[in-house]
Amino acid sequence: QVQLVESGGGLVQAGGSLRLSCAASGGTFNSYAMGWFRQAPGKEREFVAAINWIGVIRKYAASVKGRFTISRNNANNTVYLQMNSLNSEDTAVYYCARARGSDPKSGQADFGSWGQGTQVTVSS
């Protein structure tokens, strides 16, 4: 089974930027859409962004659209989430996930493999 490992999280000042990475081992991203979700303390896990397997079609949550960019490099089995103009509401554990198909989706049930998450904390 594929293992997904997120990295790039950390502490950042409000208005700053971070780039998260998700690398796969024991499997491949080929033919699968990929997504990012996040979960803040006391809140449900929510959709952030998704990208089809080719990397052309993207889908974003309204709260991050225009600030975040999802991209992928299938040759390296890596998915990225570029996060700009971060604010305190972006503080959460961010999870990478592989979809069950090739089209970008926003529901947790549409994703079958999950990473363990990376913490992003935005301070004033």
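The values are calculated or read from the model by the stated rules, or taken from the named source; none is laboratory data. Everything numeric in this text was worked out from a predicted model, so none of it was measured. Cβ sites come from the backbone with ideal geometry, for glycine too, and all protein chains shown count toward neighbours. Ligands, DNA and RNA are excluded from the accessible area calculation, which covers all protein heavy atoms including side chains. Shrake-Rupley method; radii C 1.70, N 1.55, O 1.52, S 1.80 Å.
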> Do any GluC sites (Glu not before Pro) in region 12-115 lie in a DSSP loop with no more than 13 other beta carbon atoms within 10 Å, and if so, which?
Replying inline: Glu44
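Given region 13-124, what percent of its DSSP beta bridges are antiparallel, to the nearest 5?
95
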> Relative contact order (percent) for region 18-85, with alpha-carbon contacts under 8 angstrom and 6 or more residues of separation?
Replying inline: 38
> Computed on alpha carbon atoms, what radius of gyration and Dmax characterise region 18-90, expressed in Å?
Replying inline: 12.5, 37
>> I'd like the distance between the alpha-carbon centres of region 1-65 and region 90-124, rounded to an integer number of Å.
In response: 5
>> I need the per residue convex hull volume for the chain, using only the alpha carbons, in cubic angstrom as a whole number.
In response: 89
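Within region 1-71, which trypsin sites (Lys or Arg not before Pro) sit in a loop by DSSP and count at most 11 neighbouring Cβ atoms inside 10 Å? Before the final figure, lay out the partial values.
On the way: sites: Arg19, Arg38, Lys43, Arg45, Arg58, Lys59, Lys65, Arg67; in loops: Lys43, Arg45, Arg67.
When the trypsin sites (Lys or Arg not before Pro) of region 1-71 are filtered for loop state and at most 11 Cβ neighbours within 10 Å, Lys43 remain.
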> Roughly what would the spin-label model give for Ser85 and Lys43, points 7 Å off Cα along C-beta, in nm?
Replying inline: 1.7
> Relative contact order (percent) for region 9-49, with alpha-carbon contacts under 8 angstrom and 6 or more residues of separation?
Replying inline: 24
> How much of the accessible area of the chain, in percent, comes from carbon and sulfur atoms when a 1.4 Å probe is used?
Replying inline: 45
